[in-house]
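A short write-up of the structure that comes next.
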Amino acid sequence: MVKTASTMLPLGTQAPDFSLKNVDGQTVSLSDFKDSKGLLVIFMCNHCPFVIHLREALAAFADEYMAKGLAVVGISANDVATHPDDSPEKMVEEAKSAGYNFPYLYDGTQEVAKAYKAACTPDFFLFDQEQKLVYRGQFDDSRPGNDKAVTGADLKAACDAVIAGDPVTENQKPSIGCNIKWKEGMEPEYFTGQPAV
């Protein structure tokens, strides 16, 4: 694994469009969330130790904030040829086992991940009611093995501000995780695991 940080997409960026298949077989699109108080898009996967580290907290966090009117969507974009544990079939099992009640979508072409400039798992993108980016950064300071409690403090503060209609602090720390597993020869220019071509 390559330990990778968020690209920190510019604040104010309009949410890139998507239309992807959910674990329940239904197609979920960006437009489905136009009436939400905000939208959190999480690039994640099944096997990454950084995602597994947050798994329980993420499920609880999503339930809490969806009840407050925030939309939450998970997207897996990993190459399943090299990482079969992240296949759509395994995503169905993982969503059930982890208690993910939010849509968990599969980005098989990896085009959506590239549109968001997603770099790692987990990578969090929070958009306001107008679907403009107000937060991209970490869940909290906890990482596998650093003995810090998983609190979700950073992301919760940003979500609370969005729900209240308040500005989100621009002092944001990048998320850290495994790099997205790009298809060979299809790596985006911002992927730092190898020289850009």
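Observations on the structure shown:
- Residue in region 105-113 that is more than 16 Å from the chain's Cα centre (by Cα) and hydrophobic (A, V, I, L, M, F, W, C) present: no
- Checking each residue in region 76-120 for being under 10 Å from V23 (Cα atoms), touching a residue at least 60 places away in the same chain (Cβ under 8 Å) and open to solvent by less than 40 Å² (accessible area, probe 1.4 Å) picks out M91, A95, P103, Y104, L105.
- Filtered residues of region 144-155 (kept if open to solvent by 10 Å² or more (accessible area, probe 1.4 Å), in contact with a Phe, Trp or Tyr (Cβ under 7 Å, 6 or more places away or on another chain) and either basic (K, R) or not in a helix (DSSP H, G or I) (or both)): P144
- Qualifying residue in region 11-26 (condition: among the β-branched types (V, I, T), surrounded by fewer than 19 Cβ atoms within 10 Å (Cβ to Cβ) and more than 13 Å from F102 (Cβ to Cβ)): yes
- Taking each residue of region 160-172 that is farther than 21 Å from M8 by Cβ and looking for partners that are basic (K, R) and modelled with pLDDT of 95 or more with beta-carbon atoms closer than 6 Å, six or more apart or interchain, yields I163/K37; I163/K68.
- The number of residues in region 44-75 being open to solvent by 30 Å² or more (accessible area, probe 1.4 Å), part of a loop (DSSP other than H, G, I, E, B) and without any contact (Cβ under 8 Å) to a residue 60 or more places away in the chain comes to 2.
The values are calculated or read from the model by the stated rules, or taken from the named source; none is laboratory data. What you are looking at is a predicted structure, and each value in this text was computed from that prediction instead of being measured. Counting neighbours? That spans all protein chains shown, and the Cβs are built from the backbone with ideal geometry, glycine included. With ligands, DNA and RNA removed, areas are computed over all heavy atoms of the protein, side chains included. Shrake-Rupley method; radii C 1.70, N 1.55, O 1.52, S 1.80 Å.
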